[in-house]
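Undergrad: Once you've had a glance at the structure underneath, I'll fire off some questions.
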Amino acid sequence: MIALMCCIMAVSHGIEIKAPDSGYDRAIQPDRAWERVGRDLLYNFRNMYQPCVVERPGESHPYRMWFFGWASADTNPGEPGCDAIYHARSRDLLAWEVLAKDGGWDTDMKPEQWKAVLSASDRYYDCWHNGDPSVVWKEGRYYMAYSATSGIHRKKDHAHLEGMLLCIMGATSPDGIHWEKTEQPLLIEPKETQDAPDSDRICDFHRPSLMWDGGRWKLWFDYWAPPNGVCMGYAENTGDFSAPDGFKITHDLKTPPILNWPNPAVVKAKGRYYSFADPSGYPPKVASSPEGRNWSTRALCEAVSDDGLRWRIVGYIPPDQDAAANHVPQPLVQGDWLYLFYATQRGGEPQYDYRYDRIRAMRRKLSP
């Protein structure tokens, strides 16, 4: 009765009452809310995505991008492990050139010439996948948080994705090309969790979004949080970036800041935090195969926050008309504009192709 009276009083005073976000049934933004750039930024590759862009004012190429995946063939033959991270640069955010194996820059979109700047090591938790780069430029040095995994089918009887142990690694660089990895992961589940057979356990820290803000490192990431699936988590580091156990998760992992929020990416602009992800819940494309319908229910989605901890869901962004789906968003603030970089999925029928074939961008004007 008291709760009902409070609700009635709130409505009578013009306060909007909203149920907590369930992780699904989210609003869809009007297509006019975003201005599509209208051209492919990177293309011709086999399967690449997660385009993290950093601005370096005053340089001949002030925009730097790190992205990852498979350049010219599945699993990157010739590279250790599987996925690897690559680097590109641009003068204007539209025309991009990719670091090449000969030390030059490829302007013709020939991925067989591209050189990886970060790939797997021989550490068990870093030996297969290196990807999802999130890069910060701070005081003359680049800092990267990235996803790393153990080999496939490490422990088939455990709940990890296909038996892989997922974690978040770090790396630093003076030029964005030559990287030194941290001596240990920035975030990895405890050994007792790694070895536990319980399929309901919380695990798999992955897909980081790194920020230097308020005199500390802030790290948003996703993780497996049953029964809610892949959700967003948050950690902070008030000390050295590479310090052992420097990043501390600041919330109860059973209570994620956002439910159903894979591939989270966060940016701060005009005193507010904006997060983008590609959760499921978007209306599927009717003509898709079962696999295609499943992939197309994932779409870019936006949330906003005043403190980076408590979030309000804005809603899904409709995918490009000529793409099966848009995924893996990465935001960049440039002046009054909020740019959102993303990858488009190939799709197709009757055999659905999950691979990404183009990297694009959209933008919108930020409110004062």
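Readers should treat all values here as calculations from the given coordinates under stated rules, not as data from a laboratory. Note that the coordinates shown come from a computational prediction; the quantities given were computed from them, not determined experimentally.
Undergrad: In the structure shown, do any of K138/K218; K218/K248; K285/K365 have a Cα-Cα gap over 21 Å, and if so which?
TA: Numbers: K138/K218 13 Å; K218/K248 10 Å; K285/K365 29 Å.
Beyond 21 Å between Cα atoms: K285/K365.
Undergrad: For region 325-335, in order, what is each residue's ³J(HN,Hα) by Karplus, 6.51 cos²θ - 1.76 cosθ + 1.60 with θ = phi - 60°, in whole Hz (x at glycine and Pro)?
TA: So the J values, rounded to whole Hz, are 6, 10, 9, 6, x, 9, x, 9, 9, 9, x.
Undergrad: Any idea what the relative contact order of the chain is, in percent, if you count C-alpha pairs under 8 Å spaced at least 6 apart?
TA: Working: 943 pairs, mean separation 55.4, N = 368.
Contact order relative to length: 15 percent.
Undergrad: Given the -39500 (n - 2.57) contribution per DSSP H run of 4+ residues, what per-residue ellipticity at 222 nm results for the chain, rounded to the nearest 500 deg cm²/dmol?
TA: On the way: 3 runs with 22 residues, N = 368.
Taking each H run of at least 4 residues, the total per residue is -1500 deg cm²/dmol.
Undergrad: Report ³J(HN,Hα) in whole Hz for each residue of region 83-94, in order, from the Karplus equation J = 6.51 cos²θ - 1.76 cosθ + 1.60 where θ = phi - 60°; Gly and Pro get x.
TA: With the stated coefficients, region 83-94 comes to 6, 9, 9, 10, 9, 9, 9, 8, 8, 9, 6, 10 Hz.
Undergrad: Quick one: which residues, 5+ away or cross-chain, put their amide H under 5 Å from the amide H of D213? H built at 1.01 Å from N.
TA: Amide H neighbours of D213, under 5 Å, 5+ apart: K218.
Undergrad: Based on Cα positions only, what radius of gyration and what Dmax would you give for region 26-156, in angstroms?
TA: 16.3, 51
Undergrad: While we're on this one: Relative contact order (percent) for region 53-140, with alpha-carbon contacts under 8 angstrom and 6 or more residues of separation?
TA: 30
Undergrad: If you take the Cα atoms of the chain, find Rg, then find the Kirkwood Rh from the mean of 1/r over all pairs, what is Rg/Rh?
TA: Working: Rg = 20.4 Å, Rh = 21.2 Å.
So for the chain, dividing Rg by the Kirkwood Rh gives 0.96.
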